[in-house]
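The values are calculated or read from the model by the stated rules, or taken from the named source; none is laboratory data. All figures in this text were calculated on a predicted structure; none of them were measured in a lab. Ideal geometry is used to build each Cβ from the backbone, glycine not excepted, and the neighbour counts take in all protein chains shown. All accessible areas refer to the heavy atoms of the entire protein, side chains included, with ligands and DNA or RNA removed. Shrake-Rupley method; radii C 1.70, N 1.55, O 1.52, S 1.80 Å.
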Amino acid sequence: MRFHFCVSLYNETDGKGILPTPTIGAVGVIEDIALAVGSRLTMAGLGLVLIGDTKGWLGQSLYLRETFGREEGAPPPVDLAVERRNGDFVRDEINDRRVVACHDLSDGGLLVALAEMCLSGGTGAEIALPAGSTVPPHAFLYGEDQARYLVASCSPMELIDDARKAGIPATLLGYSGGASLVVKDLLSLPLSDIKAAHEGWLPAYMTATD
């Protein structure tokens with residue numbers, strides 16, 4: 001694997017400073033490309049399993065920035081040992097063909113990742129927040145805690161059992177299917193509406209006049 005690191009510390013647009021933009025790129029080799037999976041939900045009936053521990057970290061999150069116009073707080077802490085453990089686990093489950101789609105939960109958190117999975121594959125999903133969770137719903141759905149993945153599996157209970165044996169948090173949130181993104185008792189959005197909002201923003205921005 002090769003890594004490339006670059007950073008721009010002094011950025012400005014129209015006389016207004018913007019945040020530094022450090023970027024790390026990594027290129028690896030997949031021994032068997034037939035085992036690779038993407039993030040698209042392309043069929044109904046897949047179990048959607050959350051891998052990793054959710055505390056609802058909102059510092060420096062897209063939720064704060066886009067909803068409230070605030071850029072504050074510390075970014076989520078990173079535990080490199082947990083990152084490797086959870087990443088290795090997901091890779092092994094992919095190699096064992098228990099995972100058919102996977103998305104990391106970094107920018108935007110769980111709900112944004114699920115929306116992207118639904119849009120890219122044209123398949124909806126219905127999930128529910130875990131019973132007994134003490135994390136507020138908005139923090140659970142938009143928190144950017146690290147070392148987390150959302151995976152879609154044809155055998156979710158086997159995957160969860162593997163995670164339990166490995167000491168890794170894993171929770172079945174719901175299943176793929178339908179034409180909407182549903183969070184039980186919280187929201188139900190047709191994919192057509194999400195797609196229109198997602199794909200219509202840039203053309204509207206480019207044609208807007210002051």
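Is it the case, given these coordinates, that Ile94 is under 30 Å from Ser176 (Cα atoms) and either without any contact (Cβ under 8 Å) to a residue 60 or more places away in the chain or out of contact with any Leu (no Cβ under 8 Å at 6 or more places or on another chain) (or both)?
On the way: under 30 Å from Ser176 (Cα atoms): yes; either without any contact (Cβ under 8 Å) to a residue 60 or more places away in the chain or out of contact with any Leu (no Cβ under 8 Å at 6 or more places or on another chain) (or both): yes.
Here the answer is yes, as Ile94 does meet what is asked.
Which members of region 190-210 meet the condition of being more than 19 Å from Glu116 (Cβ to Cβ) and open to solvent by 100 Å² or more (accessible area, probe 1.4 Å)?
Within region 190-210, the subset more than 19 Å from Glu116 (Cβ to Cβ) is 203-210.
Across region 190-210, the qualifying residues are Tyr205, Met206, Thr207, Thr209, Asp210.
Does Glu83 fit the bill of being buried (at least 20 other Cβ atoms within 10 Å of the Cβ) and more than 15 Å from Leu173 (Cβ to Cβ)? Outline the logic, then answer.
Details: buried (at least 20 other Cβ atoms within 10 Å of the Cβ): no; more than 15 Å from Leu173 (Cβ to Cβ): yes.
For Glu83, the condition - buried (at least 20 other Cβ atoms within 10 Å of the Cβ) and more than 15 Å from Leu173 (Cβ to Cβ) - is not met.
Checking the condition hydrophobic (A, V, I, L, M, F, W, C), open to solvent by 60 Å² or more (accessible area, probe 1.4 Å) and in contact with a Ser or Thr (Cβ under 8 Å, 6 or more places away or on another chain), which residue from Met117, Met43 passes?
On the way: Met117 fails: open to solvent by 60 Å² or more (accessible area, probe 1.4 Å).
Result: Met43 is the single residue among Met117, Met43 that is hydrophobic (A, V, I, L, M, F, W, C), open to solvent by 60 Å² or more (accessible area, probe 1.4 Å) and in contact with a Ser or Thr (Cβ under 8 Å, 6 or more places away or on another chain).
Given the options Gly69, Gly17, Gly28, name the one that is among the small types (Gly, Ala, Ser) and either within 22 Å of Leu173 (Cβ to Cβ) or at pLDDT 90 or above (or both).
On the way: Gly17 fails: either within 22 Å of Leu173 (Cβ to Cβ) or at pLDDT 90 or above (or both); Gly28 fails: either within 22 Å of Leu173 (Cβ to Cβ) or at pLDDT 90 or above (or both).
Of Gly69, Gly17, Gly28, the one residue that is among the small types (Gly, Ala, Ser) and either within 22 Å of Leu173 (Cβ to Cβ) or at pLDDT 90 or above (or both) is Gly69.
Looking at (1) closer than 18 Å to Gly87 by Cβ; (2) of a type in the set (A, V, I, L, M); (3) under 19 Å from the mean Cα position of the chain (by Cα); (4) assigned to a loop (DSSP other than H, G, I, E, B), which is the only condition Ile30 fails?
(3)
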